[in-house]
Amino acid sequence: MDNGDWGHRMTTPVTLNVGGHLYTTSLSTLQRYPDSMLGAMFRGDFPTTRDSKGNYFIDRDGTLFRYILNFLRTSELTLPVDFTETDLLRKEADFYQIEPLIQCLNDPKPLYPPDIFEQVVELSSTRKLSKYSNPVAVIITQLTITTKVHALLEGISNNFTKWNKHMMDTRDCQVSFTFGPCDYHQEVSLRVHLMDYIMKQGFTIRNTRVHHMSERANENTVEHHWTFCRPAHKVED
């Protein structure tokens with residue numbers, strides 16, 4: 001095999017089925033750490049299994065594999081602020097025998113220097129939908145901003161005055177807007193403007209989550225959450 005063929009092979013997409021979750025990456029990423037299980041597997045030193053569609057199959061935690069794969073891509077461990085499965089991820093890293101990742105998990109370094117901390121903003125959208133209307137009707141929808149950064153809340157109150165009629169509640173660390181029925185597009189418009197405003201204050205999106213709940217027989221509740229973070233200097237007392 002000449003160098004051109006080898007280079008093409010190393011960048012050819014490879015699809016893995018990890019516990020039912022499909023991931024596509026390059027062979028070079030999977031072989032970043034040659035002494036790891038994945039390095040040996042895709043070097044031909046380790047037996048492989050294929051699923052019914054021909055994808056490589058690995059019977060491990062498919063959700064946590066995203067962090068494994070991201071580490072292979074960047075050699076950096078990046079986890080959400082509210083990540084609570086470090087012990088499980090450590091077991092996955094041990095299974096794949098990725099020694100640098102094992103070291104990161106056993107000896108985590110602080111995200112910021114000692115004089116820096118993270119400011120956090122939570123944005124949530126709660127939408128109640130009618131189960132039986134076609135098209136689906138929005139019964140009520142609510143946007144809530146929660147943060148201890150009071151200047152941000154004050155800025156939202158001052159810059160979004162056209163939405164005051166929708167303001168449901170203002171508390172020490174929270175501002176809420178409510179719409180409905182059938183004001184879904186207004187809620188989306190406000191959400192887009194709020195996210196843009198928050199990010200212009202130096203915040204970046206750390207993670208997003210979606211929850212589906214059913215509270216009553218005739219309606220469904222869908223919740224979306226966004227977490228924004230930015231570094232800030234500690235102020236001495």
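Run the accessible area of region 5-106 with a 1.4 Å probe and give the carbon-and-sulfur part as a rounded percent.
Details: 2800 of 5740 Å².
Looking at region 5-106 in its full context, I get 49 percent from C and S.
Taking the radius of gyration and the Kirkwood hydrodynamic radius from Cα positions alone, what is the Rg/Rh ratio for region 5-106, to two decimal places? Let's see the in-between values first.
Working: Rg = 13.4 Å, Rh = 14.0 Å.
Reported Rg/Rh (Cα atoms, Kirkwood Rh): 0.95.
Taking amide hydrogens as modeled 1.01 Å from N in the peptide plane, which residues meet the under 5 Å criterion relative to VAL120, leaving out close sequence neighbours?
LYS148
Over 31 Å between Cα atoms, which of LYS53/LYS91; LYS128/LYS234; LYS91/LYS148; LYS53/LYS128; LYS162/LYS200; LYS165/LYS200 qualify? Don't skip to the answer; put the middle values down first.
On the way: LYS53/LYS91 28 Å; LYS128/LYS234 40 Å; LYS91/LYS148 35 Å; LYS53/LYS128 38 Å; LYS162/LYS200 20 Å; LYS165/LYS200 25 Å.
The answer is LYS128/LYS234; LYS91/LYS148; LYS53/LYS128.
For region 118-126, take each phi angle, set θ = phi - 60°, evaluate the Karplus expression 6.51 cos²θ - 1.76 cosθ + 1.60, and give the result in whole Hz per residue in order, putting x for glycine and proline.
The phi angles translate into 9, 9, 10, 10, 10, 10, 10, 10, 10 Hz.
With a probe of 1.4 Å, find how much accessible area region 5-106 has per residue, and write the answer as a whole number in Å². Intermediate results must be reported in sequence, preceding the final value.
On the way: 5740 Å² over 102 residues.
Computed with neighbouring chains in place, this is 56 Å² per residue.
Counting other Cβ atoms within 10 Å of each Cβ, which GluC sites (Glu not before Pro) in region 36-93 have at most 16 and sit in a DSSP loop? Kindly include the intermediate steps, with their values, before the conclusion.
Working: sites: GLU76, GLU85, GLU92; in loops: GLU76, GLU85.
Qualifying residues, ordered by number: GLU76, GLU85.
In debye, nearest 20: dipole of region 5-106 around its Cα centre with unit charges on the Cβ of K, R (+) and D, E (-)?
On the way: 10 positive and 13 negative charges, 74 e Å.
Dipole of region 5-106, to the nearest 20 debye: 360 debye.
The values are calculated or read from the model by the stated rules, or taken from the named source; none is laboratory data. None of the values given here were measured: they were computed from a predicted structure. With ideal geometry, Cβ positions are generated from the backbone for all residues, glycine too; neighbour counts draw on all protein chains shown. Keep in mind that these areas ignore ligands, DNA and RNA; they rest on the heavy atoms of the full protein, side chains included. Shrake-Rupley method; radii C 1.70, N 1.55, O 1.52, S 1.80 Å.
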